[in-house]
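Below is one structure, written out as structure tokens, with a few remarks after it.
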């Protein structure tokens with residue numbers, strides 16, 4: 001379990017929720033709870049801070065979280081390297 005990102009402060013906007021849901025094709029009604037689970041289960045080496053954002057790398061996708069406000073910004077599927 002990681003201690004890098006404060007899970008309790010994670011939140012998102014309505015637009016951010018829709019971006020995550022649409023980009024990853026999720027059906028879950030609670031995107032914030034889903035993201036909290038992803039972050040809490042990530043190893044510390046899968047979480048990288050670049051500039052103002054945290055990036056949480058998962059095998060299928062990457063979450064982007066603002067480091068200052070703890071706002072979940074977006075998520076993107078990981079591109080296949082076999083393209």
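Quick one: in the range 18-35, of everything that is surrounded by fewer than 18 Cβ atoms within 10 Å (Cβ to Cβ) and in contact (Cβ under 8 Å) with a residue 24 or more places away in the chain, which residue is nearest to residue 79 (Cα to Cα)?
By that ranking, first place goes to 23.
So in the range 32-83, with the set limited to residues that are part of a strand (DSSP E or B) and under 15 Å from residue 14 (Cα atoms), which one is farthest from the chain's Cα centre (by Cα)? Steps first, answer last, please.
So in the range 32-83, the residues part of a strand (DSSP E or B) come out as 47-50, 53-57, 61-66, 71-77.
Still in the running and under 15 Å from residue 14 (Cα atoms): 65, 71-75.
Working: 65: 6, 71: 9, 72: 6, 73: 8, 74: 7, 75: 6 Å.
Selected residue: 71.
Hey, could you check the range 1-20 for residues that are in contact with a helix residue (DSSP H, G or I) (Cβ under 6 Å, 6 or more places away or on another chain) and part of a helix (DSSP H, G or I) and say which is farthest from residue 69 (Cα to Cα)?
20
Restricting the search to the range 52-83, which residues are surrounded by fewer than 12 Cβ atoms within 10 Å (Cβ to Cβ) and in contact (Cβ under 8 Å) with a residue 12 or more places away in the chain?
Result: 52, 59, 60, 68, 78.
Rule-based calculations on the coordinates, nothing more; no lab input. Everything numeric here is computed off the predicted structure, so don't read it as measured data. As a convention, Cβ positions derive from the backbone with ideal geometry for all residues, glycine included, and neighbour counts pool all protein chains shown.
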